[in-house]
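*Asks:* Here it is: the structure, laid out below.
The values are calculated or read from the model by the stated rules, or taken from the named source; none is laboratory data. Computed from a prediction, not measured in an experiment: that's the story for all the values here. Here the Cβ is made from the backbone with ideal geometry for all residues, glycine too, and neighbour counts use every protein chain on show.
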Amino acid sequence: MKTKKCIKQWLFVVLVGFFAVSCFDDITKQNLPPMPVAFTYKAIDNDCLLDFYIYTTIQFISTSSLQGEHTWNFGDGTIVTSERNEPVTHYFSAAGNHNVTLTVEGRSRRQSIMIQDIVPILSVEPVEGGIHVVLETPVNILVEFPNPQNLSVEYTWFFPPRAFRENDLDNAIVTYEGEHPGALIFGNVGLQQVRLRIRLGGRPLREAHVLIPIGFV
């Protein structure tokens, strides 16, 4: 009985301590004064809300208590000024860590932002029955990648041996320049690899590829 009573008392003390610390933490956070220089940021492009990619428009908002002119240094050669409550936007054209510094009245705050490179994703449009039949089933390849600044896009496709466009089965296609080669027919059985190189705004992205299983009925 004494053991159970001790355990109950111990649990009561732990719970009281937990709630006391939680309440103190909440009160502390509410009473913290605003920082002299601070800012928040978020992506505002619909295709890039969860990740920061190159060319993603990012909005920066100052939460500083200082009132003077705000100077933003994005670490890539771009420097802009704004008023305290005036949001500014910027995008980065290179992947990696970028240090953004806000300076107000001689005081500065720096934050590092990780910017990811854009990697195109290739997928195959599903067909009825789920099987692409050799020399029979047309294959349509879908391409997906964000292009928030609507930059120019150059496509170069590479195909395995005995790949044909659906409307030209007499001539195998090796490469194709253009957004989409159209429906394809494959003359070999097994996994057929199609590769795609993209230049976005003149800048090459990482090469993408897709494996397409071709079989018999």
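*Asks:* Among the residues of the stretch 148-181, which ones are of a type in the set (Gly, Ala, Ser) and without any contact (Cβ under 8 Å) to a residue 24 or more places away in the chain?
*Replies:* ALA172, GLY178
*Asks:* May I pose another question? Restricting the search to the stretch 167-212, which residues are β-branched (Val, Ile, Thr) and either touching a Gly at 6+ places or on another chain (Cβ under 7 Å) or surrounded by 13 or more Cβ atoms within 10 Å (Cβ to Cβ) (or both)?
*Replies:* If the condition is that a residue be β-branched (Val, Ile, Thr) and either touching a Gly at 6+ places or on another chain (Cβ under 7 Å) or surrounded by 13 or more Cβ atoms within 10 Å (Cβ to Cβ) (or both), then ILE173, ILE185, VAL189, VAL194, ILE198, VAL210, ILE212 are the ones that fit.
*Asks:* Is at least one residue of the stretch 196-213 part of a strand (DSSP E or B) and over 25 Å from GLN116 (Cα atoms)?
*Replies:* Checked the stretch 196-213: at least one residue is part of a strand (DSSP E or B) and over 25 Å from GLN116 (Cα atoms).
*Asks:* Here's something else I'd like to know. Which one of these is at negative phi, of a type in the set (A, V, I, L, M), at pLDDT below 95 and part of a loop (DSSP other than H, G, I, E, B): ALA94, ALA20?
*Replies:* Just a single option satisfies the conditions, and that option is ALA94.
*Asks:* In the same structural domain as GLY190 (by TED's automatic domain parsing), at pLDDT 95 or above and not charged (D, E, K, R): does that describe VAL127?
*Replies:* It is false that VAL127 is in the same structural domain as GLY190 (by TED's automatic domain parsing), at pLDDT 95 or above and not charged (D, E, K, R).
*Asks:* Could you check the stretch 145-161 and list, in sequence order, the residues that are under 20 Å from VAL174 (Cα atoms) and assigned to a loop (DSSP other than H, G, I, E, B)?
*Replies:* Within the stretch 145-161, PHE159, PRO160, PRO161 meet the criteria.
*Asks:* For the list (1) farther than 30 Å from ILE214 by Cβ; (2) at pLDDT 95 or above; (3) in contact with a strand residue (DSSP E or B) (Cβ under 9 Å, 6 or more places away or on another chain), I need the number of the one condition that ARG107 fails.
*Replies:* Of (1) farther than 30 Å from ILE214 by Cβ; (2) at pLDDT 95 or above; (3) in contact with a strand residue (DSSP E or B) (Cβ under 9 Å, 6 or more places away or on another chain), only one is false for ARG107: (3).
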